[in-house]
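Comments concern the structure below.
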Amino acid sequence: MAKKKPLAIVVHGGAGPDSDHIHENKKGYEEGIKLAVEAGYKVLEEGGSAVDAVEAAVKVLENNPLFNAGRGSALNANGEVEMDAAIMRGNDQASGAVALVRNIRNPISLAKAVMMNTKYRFLGDMGALEYAKKLDIRMEPSSYFITEHQFDAFSKKREEEFTSSDRIGLDELNARMHGTVGAVALDRDGIMAAATSTGGTENKKMGRIGDSCIVGVGCYANNKTCAISGTGDGELLMKNIIAYDISALMEYKGLTLQNACEEVVLERVNTKEGDVGVIGVDQAGNIAMVFNSDRMHRGWKTSSGKSGVKIYGDK
């Protein structure tokens, strides 16, 4: 009897500094991650693809107002929501990404539609919105995305900007405010996939695009090596091309998934520059979760019996 191929999914809800808000909502965050893992693993268990699994997992987090993606997205400097997302498949490196989208309930589904149904890899702003309308992708009014927590964070940042005695620049005020959600998976056909979605940073400049929607940075999948989803300070992830760098270390230097993640996140990145976290899976179903920050919301489940949810500990 042929041995069953391994299944695995890992989910993250962002890496970064600790906060009172996280402590106050710790159970809610843990439950949200758990539900995302279960949604993704159910797809895999029923024979679904890794692409469908990571989409399912990310959609759960996009629908949860605690996480900075979809409904819980941060507000830009104009008090509006602009969202980014990307998805990638490992067997053929097909990918789809969207940037600066508004009113889309699940940006990750729009990114998947770009990958599956168009000749393009990346759509942005009004072009992405028009494409979503053609597909009848679910949309919501702007008020749906403005949560009390994100509005309070936006208001606080605005107040700091206007009252700071030395007129600290807005970019400096925002330096450690960020959040992302993502997932990686391995299906029974041995195909891997990665997906990442974000609402950006509080009070970000209108039109700012982060790492989450950039293939090779916010996410990457290659069946020869691994699937990776990144989180943290977007500009820092872009500078270091985080996701692809991990894959390259595995392909060209023969590093294991865990060692490659540790090399990039803990050795190559200057921790003084900011926060970085990654989740990953390889062809054998091995998983990795590495971060240099105070915390990274994360959960995992594999057919070998490994499962769990964590926010702190074990970097």
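Of the residues E235, E251, the single one that is in contact with a Ser or Thr (Cβ under 9 Å, 6 or more places away or on another chain), closer than 28 Å to Y120 by Cβ, of a type outside the set (S, T, Y) and surrounded by fewer than 19 Cβ atoms within 10 Å (Cβ to Cβ) is E251.
Taking segment 188-217 as the range and being touching a helix residue (DSSP H, G or I) at 6+ places or on another chain (Cβ under 6 Å), in a loop (DSSP other than H, G, I, E, B), touching a residue at least 60 places away in the same chain (Cβ under 8 Å) and within 22 Å of I246 (Cβ to Cβ) as the test, the residues that pass are I191, G210. Return yes when K4 is surrounded by fewer than 21 Cβ atoms within 10 Å (Cβ to Cβ) and within 25 Å of G313 (Cα to Cα) and no when it is not. Answer is no for this residue. Candidates in segment 41-96 are the residues that are without any contact (Cβ under 8 Å) to a residue 24 or more places away in the chain and acidic (D, E); of these, the one that is farthest from I228 (Cα to Cα) is E46. Of the residues making up segment 221-231, none is in a helix (DSSP H, G or I), crowded, with 17+ Cβ neighbours inside 10 Å and within 16 Å of the chain's Cα centre (by Cα). Does A53 satisfy the condition of being buried (at least 24 other Cβ atoms within 10 Å of the Cβ), under 19 Å from P6 (Cα atoms), among the small types (G, A, S) and at pLDDT 95 or above? Here the answer is yes, as A53 does meet what is asked. Across segment 83-111, the number of residues qualifying as within 28 Å of S247 (Cβ to Cβ), of a type outside the set (V, I, T) and within 16 Å of the chain's Cα centre (by Cα) comes to 16. For segment 114-145, the set of residues classified as under 23 Å from the mean Cα position of the chain (by Cα) and charged (D, E, K, R) consists of R121, D125, R138, E140, listed by residue number. If I filter segment 232-283 down to residues being among the β-branched types (V, I, T) and in a helix (DSSP H, G or I), which single residue comes out as farthest from H12 (Cα to Cα)? Here the residue is T271. Considering each residue of segment 118-129 in turn, none proves to be β-branched (V, I, T) and assigned to a strand (DSSP E or B). Filtering S73, S19, S49 for residues that are within 16 Å of A183 (Cβ to Cβ) and small (G, A, S) leaves a single hit, S49. Would you confirm whether any residue within segment 15-24 is in a strand (DSSP E or B), out of contact with any helix residue (DSSP H, G or I) (no Cβ under 8 Å at 6 or more places or on another chain) and either without any contact (Cβ under 8 Å) to a residue 24 or more places away in the chain or not polar (S, T, N, Q) (or both)? For segment 15-24, residues in a strand (DSSP E or B), out of contact with any helix residue (DSSP H, G or I) (no Cβ under 8 Å at 6 or more places or on another chain) and either without any contact (Cβ under 8 Å) to a residue 24 or more places away in the chain or not polar (S, T, N, Q) (or both): present.
Among the criteria (1) crowded, with 23+ Cβ neighbours inside 10 Å; (2) in a helix (DSSP H, G or I), the one E30 does not fulfil is (1).
The values are calculated or read from the model by the stated rules, or taken from the named source; none is laboratory data. Predicted, not measured: the structure shown is a model, and the values here were computed from it. Please note: Cβ atoms are built from the backbone with ideal geometry, for glycine as well, and neighbour counts cover all protein chains shown.
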